[in-house]
Amino acid sequence: MKTPIYLNALRAFEASARHQSFSAAAAELNVTPAAVGQLVRSLEDWLGIALFHRANTGRVRLVATEAAERALPDIRAGFDRLTLGFERLKEGTTAGALTVTVSPAFAAKWLLPRIESFHAQWPDMDVRLDTNLRVVDFVAQRIDIGVRYGAGIWPGLVVQKLMDEEVYPVCSPSFLRDASRLQTPEDLGRETLIHDQSMDDRSDFPTWTAWVQKAQIGCVATARALKINNSAAVLQAAIDGQGVALARSVMAHDDVAAGRLVRLFPHIRFHSALAYYVVYRPESASLPKVTAFRDWLLDAGKK
């Protein structure tokens, strides 16, 4: 078997095993499912063994054999090293594409309003944003660097704190035209509260309940609530006068500074247990395009 075909077949095999589907592997590799199937079959013929148990029905159509499962970690590590080796060939320059993973809300409310300053410093570098709420595989998705929100624990990645975060209520300026409105935290009980459910699966994600407990104002009961699973949309709803949102300071900073939102009860300080972190693979730490973007992020996070 010729080497290029051999490598393509291994790539098709690895992607098919990861997705448990020829179709999903084909979508990742930008080829047809038939092409992926043929590459896998050619590899099986060359090895003289089956790599998958195949099913014609059911949600999972492909299950890797025991021999395939034993080989996959080394094959994935090999592709990882090949990718890094290719990057090393280019590491004398910052030209080319940089793939950055961030959440959609962080991209909209913090990164995109500031990215022009990075382009001004590095005009020859193309930035590709991979906006995703889920934690992506840096190797499989060919990610160079990212910003993640959490407790700072992501095994296998270098983690550097970018920004801490404070949480506070915000509303549209129009809410405050009535002088009797929202004079005390207890007045929140008469308003629609906008809840951010973008990370509702995390017990340490800041919520209205946690803020009320921090403010020591007892229970703020309200019959009206608006629940949204996107932090940017939460702020937009508050800007549009839909209610009072519990804002995260990194997301709300520009809207508050521009007067689109007003911070309420600034004497009540509530610092989130979660923060923003720059993350990248240890093998990429010396790549100029990664270090350039990392340094820019860390500098921008101080402003």
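The values are calculated or read from the model by the stated rules, or taken from the named source; none is laboratory data. These numbers come from a predicted model, not from an experiment. Neighbour counts are summed over all protein chains in view; Cβ atoms, including those assigned to glycine, are modelled from backbone coordinates with ideal geometry. Note: areas computed on protein heavy atoms with side chains; ligands, DNA, RNA excluded. Shrake-Rupley method; radii C 1.70, N 1.55, O 1.52, S 1.80 Å.
Filtered by the rule that a residue be part of a helix (DSSP H, G or I), more than 15 Å from Val159 (Cα to Cα) and in contact with a helix residue (DSSP H, G or I) (Cβ under 6 Å, 6 or more places away or on another chain), the stretch 260-303 gives a lone residue, Trp296. Yes or no: the stretch 60-76 includes at least one residue that is assigned to a helix (DSSP H, G or I), loosely packed, with under 15 Cβ neighbours inside 10 Å and hydrophobic (A, V, I, L, M, F, W, C). Within the stretch 60-76 (the criterion being assigned to a helix (DSSP H, G or I), loosely packed, with under 15 Cβ neighbours inside 10 Å and hydrophobic (A, V, I, L, M, F, W, C)), the answer is yes, since at least one residue qualifies. For the stretch 109-126, which positions are surrounded by 12 or more Cβ atoms within 10 Å (Cβ to Cβ) and modelled with pLDDT of 95 or more? Of everything in the stretch 109-126, those that are surrounded by 12 or more Cβ atoms within 10 Å (Cβ to Cβ) and modelled with pLDDT of 95 or more turn out to be Lys109, Trp110, Leu111, Leu112, Pro113, Arg114, Ile115, Ser117, Phe118. Taking the stretch 113-124 as the range and being of a type in the set (A, V, I, L, M, F, W, C) and closer than 20 Å to Tyr280 by Cβ as the test, the residues that pass are Ile115, Phe118, Trp122.
Give the residues of the stretch 128-143 that are assigned to a loop (DSSP other than H, G, I, E, B), farther than 17 Å from Asn30 by Cα and of a type outside the set (A, V, I, L, M), sorted by residue number. If the condition is that a residue be assigned to a loop (DSSP other than H, G, I, E, B), farther than 17 Å from Asn30 by Cα and of a type outside the set (A, V, I, L, M), then Asn132, Arg134, Asp137, Phe138 are the ones that fit.
For the stretch 201-219, which positions are open to solvent by 60 Å² or more (accessible area, probe 1.4 Å), under 16 Å from Ala151 (Cβ atoms) and of a type outside the set (S, T, N, Q)?
Result: Asp201, Arg202.
What about Leu89, is it modelled with pLDDT of 95 or more and either aromatic (Phe, Trp, Tyr) or over 24 Å from Glu28 (Cα atoms) (or both)? No. When the residues of the stretch 38-59 are filtered to those that are assigned to a loop (DSSP other than H, G, I, E, B) and hydrophobic (A, V, I, L, M, F, W, C), which remaining residue is least open to solvent (accessible area, probe 1.4 Å)? Top of the filtered list is Leu51.
Whether a residue is open to solvent by less than 20 Å² (accessible area, probe 1.4 Å), within 18 Å of the chain's Cα centre (by Cα) and over 30 Å from Ala77 (Cβ atoms) was assessed, and Leu235 does not pass this test.
Residues in the stretch 180-232 that are under 25 Å from Ser103 (Cβ atoms), small (Gly, Ala, Ser) and touching a residue at least 40 places away in the same chain (Cβ under 8 Å): Ser198, Ala210, Ser231, Ala232.
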